[in-house]
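Report on the structure given below.
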Amino acid sequence: MISPIQTEKELLETLKCYLANDQSLKKTAFDLHIHINTLHYRLKQMKELTDIDPKSVKGSTLFYLALSLLE
């Protein structure tokens, strides 16, 4: 499921931070020291690579479970 982004260190770090911040775009961008548009771009990349939208409830749940299983 998340195998397309497993090798993308930047996207995985972004995803972990996004979920840790309860999907808050502002807090995630601040914590990662990136512009909010960069965050939007990365989330869009995740969706394109996995066909799972991290902004949706279903998508965030799937990503959370997948990350939990990886660790």
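Side notes on the structure shown:
- Residue match in the stretch 60-67 (condition: among the aliphatic types (A, V, I, L, M) and touching a helix residue (DSSP H, G or I) at 6+ places or on another chain (Cβ under 7 Å)): yes
- Residues (open to solvent by 50 Å² or more (accessible area, probe 1.4 Å) and under 21 Å from A66 (Cα atoms)) located in the stretch 26-39: none
- Some residue of the stretch 17-25 being more than 18 Å from A66 (Cα to Cα) and surrounded by 14 or more Cβ atoms within 10 Å (Cβ to Cβ): yes
- Complete set of residues in the stretch 40-62 that are crowded, with 16+ Cβ neighbours inside 10 Å, touching a residue at least 24 places away in the same chain (Cβ under 8 Å) and assigned to a loop (DSSP other than H, G, I, E, B): I52, P54
- Among the residues of this structure, I2 counts as one that is open to solvent by less than 70 Å² (accessible area, probe 1.4 Å) and touching a residue at least 60 places away in the same chain (Cβ under 8 Å).
- Single match in L69, L65, L11 (criterion: in a helix (DSSP H, G or I), out of contact with any His (no Cβ under 8 Å at 6 or more places or on another chain) and either on the phi > 0 side of the Ramachandran plot or open to solvent by less than 20 Å² (accessible area, probe 1.4 Å) (or both)): L11
- Residue in the stretch 20-27 that is touching a Lys or Arg at 6+ places or on another chain (Cβ under 6 Å), assigned to a loop (DSSP other than H, G, I, E, B) and on the phi < 0 side of the Ramachandran plot present: yes
- For the condition modelled with pLDDT under 95 and not aliphatic (A, V, I, L, M), E13 does not qualify.
- Tally, over the stretch 1-27, of residues that are among the polar types (S, T, N, Q) and under 13 Å from K55 (Cα atoms): 4
The values are calculated or read from the model by the stated rules, or taken from the named source; none is laboratory data. Not measured: the values here are computed from a predicted model. Here the Cβ is made from the backbone with ideal geometry for all residues, glycine too, and neighbour counts use every protein chain on show. We work out accessible area using only protein heavy atoms, side chains counted, and drop any ligands, DNA or RNA first. Shrake-Rupley method; radii C 1.70, N 1.55, O 1.52, S 1.80 Å.
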